[in-house]
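Chemist: Following this message is one structure expressed as structure tokens.
The values are calculated or read from the model by the stated rules, or taken from the named source; none is laboratory data. Treat the numbers as computed from the prediction; the structure is a model and nothing was measured. Positions of Cβ are backbone-derived with ideal geometry, glycine not excepted, and every protein chain shown enters the neighbour counts.
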Amino acid sequence: MPVALSLLLASGGAQAADDLHATSRDLFTATLENDLFAGKDGGYSSGVSISWAHGGLGEFTAENIPAWIHALSKDLYISTQSGKRRAVSYALRQNMQTPSDITVPTLIEDEAPYVGLLTWAANLHAFDDHVADRLALTLGVVGPLSAAESAQKFVHKVTGSDEPKGWDNQIENEPVFLLSAERLWRLVDASVDGGTGMDVIGIGQADIGTLQSRLAAGVGVRYGGHLDISFPTATVLPGRLVNPLAGSVAHSWHVFLNVLGTFVANDISIEGNTFQDSHSVPLEHWQAQAVAGLSFNFDRWAFLLAAAVATDRYEGQAEPTRFGSLGVTYNR
């Protein structure tokens, strides 16, 4: 897969940073990921999501998050840590994965399977000036019920791209779930009073579920303005999450580079269905990923341009995984 670029628009606002930490606000995002940004459609192919977030929370209650999520999380660290600011975000997402040559109707045995994925996720965020936590639950389905086949065929028909002919080989319908935890540590802070400077962020992640199970650790380096405000959103792939602090600064910018090493125990997009037979290829358990980009906030909008590349996800993978995204977030 060729190199692809990502563009995320997150929101901004005119309030001062000190006031925004305690101000309730709502954010809405639409995001598109696709390797077509680099002129080729195969391997990791596409991801589309609609996300929304509510920030400025002092604590989680049955009034500001769904009652069943509050019941499950009220005694967990994400809810009980003192001195934290909080936010909640949700996302509906459709992903699809295809082999490198989508014009082949028969099964390509030495490449990862066709995969369609449709998910809903809830993310709880708790953060201060030095440590940020995210705890997430993802529920969804893989297989024809994801509607990935019809979505890709529609887009390719509209854009005049090659017709994908191998979707009869996709993995079978199956429910999936994922529990995710992420922690960010601000290890170095060389900014001055929220002005221009740089910081270094430690990143730790853990996922468990039928969708994927993995442990990951990495580091992010950023240079720009108002880094203290955007610190809790400095995840490895920032375009995939609503910024729960968006709107804190009217005008800000930064460039970033994130590097992550990962041990993957299971991955349904490589190993196929969990509870029934389907096409699979041998999983590469040790993986790495790098994401570089530029973020710029202006008034109620912000822009993010990034490029992502990862090492092989399965044995014998011909090219590294590379993709990009385009998104828009509005601060109401």
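Chemist: Give the number of residues within the stretch 181-202 that are under 27 Å from Val115 (Cβ atoms) and in a loop (DSSP other than H, G, I, E, B). Walk me through how you get there before you give the answer.
Modeler: Going through the stretch 181-202, the residues under 27 Å from Val115 (Cβ atoms) turn out to be 181-182.
Imposing the further condition that a residue be in a loop (DSSP other than H, G, I, E, B) reduces the set to none.
Final tally of qualifying residues: 0.
Chemist: Ok, one more. Is it the case that the stretch 269-276 has a residue that's closer than 30 Å to Gly225 by Cα, among the hydroxyl-bearing types (Ser, Thr, Tyr) and buried (at least 20 other Cβ atoms within 10 Å of the Cβ)?
Modeler: Going residue by residue through the stretch 269-276, those that are closer than 30 Å to Gly225 by Cα are none.
No, every residue in the stretch 269-276 fails to be closer than 30 Å to Gly225 by Cα, among the hydroxyl-bearing types (Ser, Thr, Tyr) and buried (at least 20 other Cβ atoms within 10 Å of the Cβ).
Chemist: Can you name the condition, by its number, that Leu139 falls short on among (1) of a type outside the set (Phe, Trp, Tyr); (2) modelled with pLDDT under 95; (3) in a strand (DSSP E or B)?
Modeler: The single condition Leu139 does not satisfy is (2).
Chemist: Step by step: first the residues of the stretch 277-292, then only those that are among the small types (Gly, Ala, Ser) and farther than 14 Å from Thr311 by Cα, then the one that is surrounded by the most Cβ atoms within 10 Å (Cβ to Cβ). Which residue is that?
Modeler: Going residue by residue through the stretch 277-292, those that are among the small types (Gly, Ala, Ser) are 278, 280, 288, 290, 292.
Within this subset, residues satisfying the condition of being farther than 14 Å from Thr311 by Cα are 278, 280, 292.
Values: Ser278: 20, Ser280: 18, Ala292: 15.
Checking each candidate, the answer is Ser278.
Chemist: Still on this structure: Can you name the condition, by its number, that Ala308 falls short on among (1) surrounded by fewer than 16 Cβ atoms within 10 Å (Cβ to Cβ); (2) not in a loop (DSSP other than H, G, I, E, B)?
Modeler: (1)
Chemist: Hey, among the residues in the stretch 222-255 that are of a type in the set (Val, Ile, Thr), closer than 28 Å to Thr311 by Cβ and outside any loop (DSSP other than H, G, I, E, B), which one's modelled with the lowest pLDDT?
Modeler: Selected residue: Thr233.
Chemist: From (1) closer than 30 Å to Pro144 by Cα; (2) touching a helix residue (DSSP H, G or I) at 6+ places or on another chain (Cβ under 8 Å); (3) of a type outside the set (S, T, N, Q); (4) outside any loop (DSSP other than H, G, I, E, B), pick out the condition that doesn't hold for Gly293.
Modeler: (1)
Chemist: Evaluate the stretch 97-110: report whether one residue or more is closer than 30 Å to Leu184 by Cα and not small (Gly, Ala, Ser). Show your work before the answer.
Modeler: Taking the stretch 97-110 and keeping what is closer than 30 Å to Leu184 by Cα, we get 97.
In the following step, the residues that additionally are not small (Gly, Ala, Ser) were identified as 97.
So far as the stretch 97-110 goes, yes, one or more of its residues are closer than 30 Å to Leu184 by Cα and not small (Gly, Ala, Ser).
Chemist: Quick check on the stretch 203-212: of everything there that is assigned to a strand (DSSP E or B) and more than 26 Å from Phe231 (Cα to Cα), which residue is farthest from the chain's Cα centre (by Cα)?
Modeler: Here is the first cut: in the stretch 203-212, the residues assigned to a strand (DSSP E or B) are 203-209, 212.
Those left that are additionally more than 26 Å from Phe231 (Cα to Cα): 209, 212.
On the way: Gly209: 16, Gln212: 14 Å.
Ranking the candidates gives Gly209 first.
Chemist: Name the single residue that is surrounded by the fewest Cβ atoms within 10 Å (Cβ to Cβ) among those in the stretch 164-220 being acidic (Asp, Glu) and closer than 27 Å to Gln289 by Cα. I'd like the intermediate steps shown before the answer.
Modeler: At the first step, the residues of the stretch 164-220 found to be acidic (Asp, Glu) are 168, 172, 174, 182, 189, 193, 199, 207.
Those still in the list that are closer than 27 Å to Gln289 by Cα too: 182, 189, 199, 207.
Values: Glu182: 20, Asp189: 16, Asp199: 22, Asp207: 22.
That would be Asp189.
Chemist: Anything in the stretch 74-94 that is under 17 Å from His54 (Cα atoms) and touching a Ser or Thr at 6+ places or on another chain (Cβ under 9 Å)? List them, or say none.
Modeler: First pass over the stretch 74-94, keeping only residues under 17 Å from His54 (Cα atoms): 78-79, 84-92.
Matches in the stretch 74-94: Ser79, Arg86, Ser89, Tyr90, Ala91, Leu92.
Chemist: Determine whether Thr119 is in a loop (DSSP other than H, G, I, E, B) and at pLDDT 95 or above. If you could, list the steps in order and put the result at the bottom.
Modeler: Working: in a loop (DSSP other than H, G, I, E, B): no; at pLDDT 95 or above: yes.
For Thr119, the condition - in a loop (DSSP other than H, G, I, E, B) and at pLDDT 95 or above - is not met.
Chemist: Still on this structure, please answer the following. So, in the stretch 256-277, exactly how many residues are in contact with a helix residue (DSSP H, G or I) (Cβ under 9 Å, 6 or more places away or on another chain) and not in a strand (DSSP E or B)?
Modeler: If we filter the stretch 256-277 for residues that are in contact with a helix residue (DSSP H, G or I) (Cβ under 9 Å, 6 or more places away or on another chain), which is where we start, we get 256, 258, 264, 274.
Then keep just the ones that are not in a strand (DSSP E or B); that gives 274.
Matching residues across the stretch 256-277 total 1.
Chemist: Further, regarding this structure: Need at least 1 residues that are at pLDDT 85 or above, closer than 28 Å to Leu326 by Cα and among the small types (Gly, Ala, Ser) per element, so show me which strands (runs of 3 or more DSSP E) inside the stretch 1-75 make the cut, counting only ones lying wholly within it. Let's see the steps before the verdict.
Modeler: Values: elements: 5-8, 25-34, 43-57.
Once the strands (runs of 3 or more DSSP E) in the stretch 1-75 are filtered for at least 1 residues that are at pLDDT 85 or above, closer than 28 Å to Leu326 by Cα and among the small types (Gly, Ala, Ser), what remains is 43-57.
Chemist: Would you check if there is a residue in the stretch 85-101 being of a type in the set (Lys, Arg) and crowded, with 21+ Cβ neighbours inside 10 Å? Let's see the steps before the verdict.
Modeler: Step one: of the stretch 85-101, the residues of a type in the set (Lys, Arg) are 85-86, 93.
If we keep only those that are crowded, with 21+ Cβ neighbours inside 10 Å too, we end up with 85-86.
Yes, the stretch 85-101 has at least one match.
Chemist: Considering only the stretch 305-328, state which residues are among the hydrophobic types (A, V, I, L, M, F, W, C) and under 19 Å from the mean Cα position of the chain (by Cα). Talk me through it step by step, then tell me what you get.
Modeler: The first filter runs over the stretch 305-328 and keeps only residues among the hydrophobic types (A, V, I, L, M, F, W, C), leaving 305-310, 318, 323, 326, 328.
Within the stretch 305-328, Leu305, Ala306, Ala307, Ala308, Val309, Ala310, Phe323, Leu326, Val328 qualify.
Chemist: Keeping to the stretch 145-178, report how many residues are within 22 Å of Ile268 (Cα to Cα) and not in a strand (DSSP E or B). Give the derivation first.
Modeler: Here is the first cut: in the stretch 145-178, the ones within 22 Å of Ile268 (Cα to Cα) are 145-152, 164-178.
Imposing the further condition that a residue be not in a strand (DSSP E or B) reduces the set to 145-152, 164-173.
Of the residues in that region, 18 qualify.
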